[in-house]
1. Counting only pairs 8 or more places apart or on different chains, how many lysine pairs in region 1-151 have C-alpha atoms closer than 16 Å?
2. Quick check: net charge around Gly180, other residues with Cβ under 15 Å of its Cβ, Lys/Arg +1 and Asp/Glu -1?
3. Of all the accessible heavy-atom surface of the chain, with the other protein chains kept in place and a 1.4 Å probe, what percent is carbon and sulfur?
4. In degrees between 0 and 90, to the nearest 10, how far off the longest principal axis of the chain does helix 44-59 point, with axes built from Cα atoms?
5. Restricting attention to region 99-206, which chymotrypsin sites (Phe, Trp or Tyr not before Pro) occupy a DSSP loop and are surrounded by at most 11 other Cβ atoms within 10 Å?
6. Loop-only chymotrypsin sites (Phe, Trp or Tyr not before Pro) in region 11-92, please: DSSP not H, G, I, E or B, and at most 13 other Cβ atoms within 10 Å.
7. For the chain, rounded, prolate or oblate, judged on the Cα gyration tensor with a ≥ b ≥ c (square roots of eigenvalues), a/c < 1.5 rounded, else prolate if a/b > b/c?
8. With a 1.4 Å probe and every protein chain left in place, work out the accessible area per residue of region 119-206 in Å², rounded to a whole number.
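The values are calculated or read from the model by the stated rules, or taken from the named source; none is laboratory data. Being a predicted model, the structure only gives us computed values, none of them experimental. When we count neighbours, we look across all protein chains shown, and the Cβ atoms used for this are built from the backbone with ideal geometry, even at glycine. Only protein heavy atoms, including side chains, enter the accessible area calculation; ligands, DNA and RNA are left aside. Shrake-Rupley method; radii C 1.70, N 1.55, O 1.52, S 1.80 Å.
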Amino acid sequence: FEIYDKLGIPCNEETFSYWKKYDIDYWVDWENGLVKIPEWASSQHMRIDYLRTYRFISFFKNFDISYEEAVKMNRLYSTLLSKNVVPIDGALDLVENLSGKYELIISTNGDKDAAFAKLKAVDLYPHFSKIIASGECGYSKPMPGFYHYTISRMKNRDRHKMLIIGDSLKTDVLGGVINGIDTCWFNPLKKENTLGIEPTYEVHYL
């Protein structure tokens, strides 16, 4: 809503729902190789910055947004993501119980700073040893390159002793399936699995 305000564009819940769907579809297109990165974005950091920025240029294409304006939008969006964070019921107790026994790592296709701010806001950050984000390795889940990089940063590198816990079949669970790691699909809304991507486990609450 704040981004729309800066552009002077009216925004309502329907518009916001359209953005959420667009954002999901955009990253799916990236995972499927449909978003092309220009040659001038030569480093991993530049490529990830371009990916995050171009989605605003594409979404607001009717308003002739410059690349510089889109960069500012992306920074504002990443900052706002850490506000009004509400922890899932049982999350803190679960993580506190696991952190003394297992190596806990956050892996995300999102912005690393935003992930850090979210975890810190709900007192979860001290229980995780690392945050691995797509921006630092140049790959996104479920790409194998993302997992090669993540495992290289872990103390335990035995895939048979790992478990990926996530709410997305297309990224978290598929990433585990592709890369030979057990998965736990967190499915609190009890959605029907129609994708043919089978998790090792499925839970509806923590």
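1. So the count of such lysine pairs works out to 12.
2. So the surrounding residues net to 0.
3. C and S atoms contribute 53 percent here.
4. Relative to the chain, helix 44-59 is tipped by roughly 60 degrees.
5. Loop-located and lightly packed - Tyr205.
6. In loop regions of region 11-92 (DSSP not H, G, I, E or B), the sparsely surrounded chymotrypsin sites (Phe, Trp or Tyr not before Pro) are Trp40.
7. Prolate shape, in that a/c is at least 1.5 and a/b is the bigger ratio.
8. 57
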